C-alpha cells in the first residue's frame, strides 16, 4: 500500500517549502497532474496561504464548504492543486503557476479570471462510437462527436465549472507561450518556429533568442493569462 507521506528531502524541487524543518510531508492524492506540478490542498492552506495553522485545521477548512478547485467544491485536504488550476478559498481566488525559479506559486486573481482555465492539449484518440477524446494536461478528457481541429500542443480555454470551450489557442508561429520547464521556466515568449524531429529526439521550438523542447511550451492567449507577483 502506498504511503500518504514522503520525506521532505525527496519532495519535488518545485515545492516552495523548507526541506529540513520536519522529516515528513504530505503527498498529494492522484489528481491528473504530475507530482512536480501540484501540491496537496492541506499544505497550500497551511504553509503557502497561511489560512490554517495545523494540518488538522486545514482539514477542517476543507470540510467547511469554503474550498473550490476549478469551480467545484473540494473536501479532500490531500487533493493535488496543480498548474493552471483555480483554487477558491472563501472569497479569494488563486491560480497555480510556476515562477521563474521553477517554484509552484498560488497567485491572487480577480473573480473574472477565476471563471476560466487554460488547458494544454496532450493528445487525442478515437473511442467507441467514432467519437474523439481529447486529453488535457490536468487529466481532464473531453469527448466530441466530430474530430475537432485541436492538435497536440494547442491550448483550450474552458469555463469553470461547466467545462465549455471558450477559446482555442493554436500552437503556431506568433503564438504566446508560457514556459513550464528548462532554463527559461516561468517566462512568456513568442513562438518563432517549430522543428519536428523524425527520430526519438524531442521536437524543438525556437523563440527570439533561445530554444527549448516542445513539451515545455504551454500556449496562452496573452501574457496577462499568467498572474504576476502578488502586490501585497
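For this structure, a couple of remarks:
- Highest average packing first - 71-82, 163-174, Cβ atoms within 10 Å: 71-82, 163-174
- Structure-derived mean projected area of the Cα convex hull in nm²: which label, when the choices are (i) 12.8; (ii) 11.0; (iii) 14.9: (iii)
- Calculated over region 116-159, the projected area of the Cα convex hull averaged across directions stands at 2.9 nm².
- Relative contact order %, the chain, counting alpha carbon pairs below 8 Å whose residues are six or more apart: 13 percent
- The fraction of all Cα pairs in region 5-109 landing in successive 5 Å bins from 0 to the largest distance is 2, 14, 25, 28, 20, 9, 2, given as whole percents.
- Kirkwood radius for region 182-232, taken over all pairs of different Cα atoms as the inverse mean of 1/r, rounds to 12.5 Å.
- Cβ-Cβ FRET estimate between residue 63 and residue 100, R0 fixed at 35 Å, reported to 0.05: 0.50
FYI, it's all coordinate maths here, none of it is from the lab. Only a predicted model underlies this, so the values are computations on that prediction, with no experimental measurement involved. Don't worry about glycine lacking a Cβ; one is built from the backbone with ideal geometry, like all the others, and counts go over all protein chains shown.
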